[in-house]
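Structure record follows, encoded as structure tokens.
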Amino acid sequence: MPKLYELFWSFFKIGTFTIGGGYAMIPLMEKEIVDRRKWIDREEFMDIMVVSQAMPGIFAVNMATTVGYKLRGHKGVLVSIIGNIAIPILIILGFATCFRFLKGNAAFEAIFKGIRPAVVALIAAPVFNMAKTAKISWRNCWIPLLAMLLIYLLGVSPVWIIATTIIGGVLYSIWKKRKEGEA
């Protein structure tokens, strides 16, 4: 069980050194909470991530809330959220204050163009980790690829994709149970 200041400090570091939003925080959270501190195991971390994605609101705050509550209850929620958002809020306020002066500045725009590939890499890393945990293999990788193509190329609503995969999963499960029952 972590002390409250340890929980605050961990989320403060995560919030301070992450550029790119909630999904970019996942590798840092995983390294800090699972690998370094060993407060929760990898499978539980993935479960928390799924629940946090399903909750309304900001993903990073949802992660901090869920982890904080699991580790230290209501006080853990409070220190995790404050630690997680303190520096990003200050940075956003600073950018908002300076943005109109920096808009159109070549150096400012070059910095943001340079940051983009790092953000993409930070978001891609947890996708591969989630694929491993979800046991996505070469046999079933066509499902997320098809979903991506339907959304991106044909403009199909993600709601329809999710509903279809739920129905497909239920039907497959029923078919598999019947097949096992016959054997």
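Compute the signed sum of charges (Lys and Arg +1, Asp and Glu -1) over the other residues within less than 14 Å, Cβ to Cβ, of Ile33.
Numbers: positive: Lys13, Lys31, Arg36, Arg37, Lys38, Arg42, Lys70, Arg72; negative: Glu6, Glu30, Glu32, Asp35, Asp41, Glu43, Glu44, Asp47.
Value of the local net charge: 0.
Here the label points at Ile82 and Tyr5, each 7 Å from Cα along the C-beta direction, are separated by 1.3 nm in the simple model. Taking label positions 7 Å along the Cα-Cβ direction at both Lys177 and Phe101, the computed distance is 6.5 nm, reported to one decimal. Shape class for region 23-114: prolate, because the ratio a/c of the largest to smallest gyration tensor axis (alpha-carbon atoms, square roots of eigenvalues) is 1.5 or more and a/b beats b/c.
Sum up the charges of everything whose Cβ sits under 12 Å from the Cβ of Leu171, counting Lys and Arg as +1 and Asp and Glu as -1, but leave Leu171 out.
Local net charge: +3.
Comparing Arg36, Arg139, Arg116 in a Gaussian network model of the chain where C-alpha atoms under 10 Å apart are linked, the largest mean-square fluctuation is found at Arg139.
If you take all other residues with their beta carbon under 15 Å from the beta carbon of Pro144, and give Lys and Arg +1 and Asp and Glu -1, the sum is +3. Any chance you could give the angle, 0 to 90 degrees and rounded to 10, that helix 42-54 forms with the longest Cα principal axis of the chain? The answer is roughly 80 degrees.
Could you point to the label whose value was computed as volume of the Cα convex hull per residue in Å³ for the structure here, given (i) 174; (ii) 140; (iii) 114? This structure yields the entry labelled (i).
Remark on Val156: its backbone amide H falls under 5 Å from those of Ile151, a criterion applied only to residues 5 or more positions apart or on other chains, H modelled at 1.01 Å from N.
The separation of region 25-42 from region 160-175, counted between C-alpha centres, amounts to 32 Å. Taking all Cα pairs closer than 8 Å and separated by 6 or more residues, the relative contact order of the chain comes to 24 percent. Sorting Arg42, Arg72 by the number of Cβ atoms found within 10 Å of their own Cβ, with the fewest placed first, yields Arg42, Arg72. In this simple spin-label model, placing a label point 7 Å from the Cα along the Cα-to-Cβ direction at both Glu109 and Met130 gives a separation of 3.3 nm.
Read-outs throughout are calculated quantities, based only on the coordinates presented, and are distinct from any laboratory measurement. Computed from a predicted model, the values in this text were never measured in an experiment. All Cβ positions, glycine included, derive from the backbone under ideal geometry; neighbour counts span all protein chains shown.
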